[in-house]
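One structure below.
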Amino acid sequence: MPTHKLMGKIPFILAFMLSVLSSSFMATLFAESAPNITTDQSALFALKTHLTRDPQNLLETNWTMATSVCNWIGVTCGSRHRRVTALNLSGMHLAATIPPHLGNLSFLALLDIAHNKFHGSIPFELCNLRRLKYLNFCNNSFSGEIPSWLGSFPQLESLRLGINNFYATIPPHLGNLSSLALLDIAYNKFHGSIPFELCNLHRLKYLYFLNNSFSGEIPSWFGSFSQLEFLRLDGNNFSGVIPSSLGNLSKLEALSLYGNNLKGKIPITVGNLSNLEWLFLNHNQLSATIPPHLGNLSFLALLDIGYNKFHGPIPFELCNLRRLKYMFFHNNSFSGEIPSWFGSFSQLELLRLDGNNFSGVIPSSLGNLSKLEKLSLSSNNLKGKIPITVGNLSNLEVLFLNDNQLSGHLPLEIFDHLSKLQALNLTWNQISGSVPSSLFNLSSLQFISLGFNKFACHLSSDMFDYLPNLQYLDLHRNQLEGTVPLEIGNLTSLHYLDIGGNKFVGRLPNLPPSLHGFCGAENHFVGEIPSSFCNLSSLGGLNLFANNLGGIIPECIGNLSSSLSILNLQKNNFRGKIPQNFAKGCLLRNFHINNNQLDGSLPRSLGNCHDLRLLDVGNNFLNDTFPNWLGNLTQLQVLILRSNRFYGHINNFKVNSSFNRLHIIDLSHNNFIGYLPTKFFENLHAMREEHEKKPEYMYDASADGWFGFAERVFFTTKGLELEFQILTSLMAVDFSNNQFIGEIPEILGELHSLIFLNLSHNSLMGHIPSILSNLSQLESLDLSSNKLEGIIPTQLQNLLFLAVLNLSHNYLVGPIPQDNQFHTFTNDSYNGNLGLCGFPLSKSCSNDEGLRPPPTQMYEEDRFTRAFNWKLAMLMGYGCGLVFGLSMGYIVLKTGKPWWIIRMIDRGQQEYVRGKARRSGRRNHTNALRFGLRKVDGKTES
């Protein structure tokens, strides 16, 4: 080519070469700056540096420069771009905050860090993960609000944020997740109503909103989720009715609405859910009858409507539920007979009908339920014998028939084939005869409760040879007799033994060392407490009340106080001294040792028992001064020193907190002298404060829950010694039958919650303080046999609840007040006061015209119906267990139905006592084993 032509093309060639070089350089530069696997590596290293806990060193040893990112544990890369597409660190027990660098994993489709200890908030930079399809942050410790930008992931199919500490309301922006099939925000702290924007999530299959604090009504537009298979709204505060639109969810397999405040009926449309397998409506306020349309749910395996207000009989249409495995109808008001067609549920494994009003007999057809594992018919009105067909239930593990009216003998062969039985509860029936020996051959048994029946037999020595797993044995309040076999000590797994309230004789048996609670009360045991009791290092409760035991109380009982919380030795013949060695760290809460023949002083080592709530040493021969040092026990509520030989003054209180929780104090029948202790009364803050809470029984249980009984005390009123079960509202002061002198201190008028006040049989002088009229709750006032003078203050007419008044044998003068309660008192209230006049005494006053006549019978009966906030319910408990009945029967028989007792019982709201004591008190006594079922997600039990 000619030279001049070549020279002419040089500029073009140079320009072309520069262009090629420039393009190559820019491409290289862009490649180096664009996100790549190195970017992903940096993001993951940032996460590693944020770790504060990696107990297995998984990331520490594996996430290193020595290996490719795509080979790191928990990391998955795409085959095309070799970028990180999945990060799964679930269940590695890691702790960290999420670094913002994770937002650079631009190809990430799955992020799963569930079941770790990640905390803090979700960083904003994660909004860059536009390819994200699966996000799982479940079971961590994240907090704060859900960021609104979580609604900006167009491909997101699964969002799981459950079991964290997120709060506030649900952001409406989540309604933009048009591809979402699973939304889980369970077990957080969300509140408010469900935002309407969520109705756009038409692809939802799984919706978990359980265990938050959502409120308002369940939205009717939930019925538009046509693809929904699981709906869990349980454990919230939803109110209103169940929307009938939920019947449109034709693909629904599980519906859980339990634990809300839903009312009304079950919608008929629920019967349209033809694919439903699980239905939880329990723990609401649903009412009416069960709609027969539930019988259309042919795939239903679980139906739980317990703890509602359903009533009426069970509709026959439910017999179509042939796939039913679990049926919970407990704690409603169903009535009528248990349908015999229940025996056709061939797949049934659990049946709970307890806590209803079913009557009639137990249908023998239940014996056809060959797969049944748990059966509870307790707390109904069932009568008749237990059918022998129950013995066909060879898979049965739990059988609860307690709290009914079952009678007759147990068939001897009924337990022959129940080899899997673990728990049997027949308490509170009228079953008689012998206990079948085959029961004691069931080696799987852990729980036997036969108390409060009429079983009458001896316990044979071979009964306890085949029960290696038995933990709980309750034979209380039967008619068992003879001696207790020594072999009972071979029950090496036994934690609780109750043989109280029978006719056992002889000496106490040696007990298994595993025992946590023993009740042998109200038998005829004799002899001393065996030395083997000293080896019961786990003993939490010991009740030997009302036997013929004697001798010295073993000193080792004091050593057991590091485990013993309940000790009841009252009404025996123990002599000598109370053990002096209550250990430091003593756990004793209730100590009854009254009605024995004990002498000496009150052991100062009781001051180590800082949890002591009740101390009753009454009716012994103790000789000591008033135990001021007990004022350091800040939990002490009941102190009974009555009928001993305590002496001296009551004073010398060094701390203002002394006895400030005391609500019952009985120092009667001792030798105390001096003035009534003003400082002591000032410290009684529990009595000075007015209590508005509903009273409860003072029921105490051992720390492990195996052992407990209702607390009782004795009081003297109207000349009768009565036994009272202790209510938390029972406030009483009894300083009677001592040698107190001086005037009645006015500070007593500030004990506003006081119900009993007895200062009788002392040498008190002066006037009756009118300030006692401030004791608005007072029901019994006894100031008799003192040296009081002056008039009866007319202000006492304001004591509207006063049922017992005794002012006899004083030096009172003037007219007897005539208004309100004073119309009801008899001559006995005023005898021995020669200067008194007016009704009911025969002596009239000089100005009798102003006195009102006695009330008519109609007026009297009207006052008996005044509204009472049952501050006092005189109920008799037994040696162990709960409250078992009214304690007034024997008094009514002996005294001819005295009006003042009838009035007190009226104030006790008899209807509450009759209705609740049976359903709540007795049921709580026997529910030592829970039985139920894991719910849909395996986290909640029925």
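The values are calculated or read from the model by the stated rules, or taken from the named source; none is laboratory data. None of the values given here were measured: they were computed from a predicted structure. Using ideal geometry, Cβ is built from the backbone for each residue, glycine included, and neighbour counts are taken over all protein chains shown. These accessible areas exclude ligands, DNA and RNA; they are computed on the full protein's heavy atoms, side chains included. Shrake-Rupley method; radii C 1.70, N 1.55, O 1.52, S 1.80 Å.
Here the Kirkwood formula puts the hydrodynamic radius of the range 160-261 at 13.4 Å, using every distinct Cα pair. To the nearest µm²/s, what D does Stokes-Einstein give for the range 335-457 at 20 °C and 1.002 mPa s, using the Kirkwood radius over alpha carbon pairs as Rh? Using the Kirkwood radius from Cα pairs, D works out to 151 µm²/s. For the range 285-426, the fraction of 1.4 Å probe accessible surface lying on carbon and sulfur atoms is 49 percent. Here are some pairs, Lys325/Lys374; Lys371/Lys420; Lys309/Lys371; Lys263/Lys325; Lys117/Lys189; Lys385/Lys454; which of them have Cα atoms lying more than 22 Å apart in this structure? In this structure, Lys309/Lys371; Lys263/Lys325 exceed 22 Å between Cα atoms. For the range 215-334, a crude dipole built from +1 on the beta carbon of Lys and Arg and -1 on the beta carbon of Asp and Glu, taken about the Cα centre, is about 160 debye to the nearest 20. Calculate I(q)/I(0) for the range 215-334 by the Debye formula, one identical point scatterer on each C-alpha and no solvent, and give its log10 at q = 0.11, 0.13, 0.16, 0.20 Å⁻¹ to two decimals. Values returned for q = 0.11, 0.13, 0.16, 0.20 Å⁻¹ are -0.31, -0.44, -0.69, -1.13.
A protection proxy built from the mean count of other Cβ atoms within 10 Å ranks the segments 176-186, 628-638, most packed first, as 176-186, 628-638. Per residue, how many Å² of accessible area does the range 544-589 show with a 1.4 Å probe? I get 33 Å² per residue for the range 544-589. Here the dipole of the range 450-584 is about 480 debye; that uses its Cα centre as origin and unit charges on the Cβ of Lys and Arg (positive) and Asp and Glu (negative).
Remark: the range 609-690 carries a charge dipole of roughly 160 debye about the Cα centre, counting +1 on each Lys and Arg Cβ and -1 on each Asp and Glu Cβ.
Look at the dipole of the range 215-334 built from charges on Cβ: of Pro291, Phe280, Ser245, the Cα furthest out on the positive end belongs to Pro291.
Ranking Thr826, Thr492 by solvent-accessible area of protein heavy atoms (1.4 Å probe, all protein chains present), from largest to smallest, gives Thr492, Thr826. What the range 442-535 shows is 35 Å² of accessible area per residue, with the surface traced by a 1.4 Å probe over protein heavy atoms.
The residues of the range 215-334 expose, per residue, 35 Å² of accessible area to a 1.4 Å probe.
Global dimensions of the range 720-798 from alpha-carbon coordinates: Rg and Dmax equal 12.7, 37 Å.
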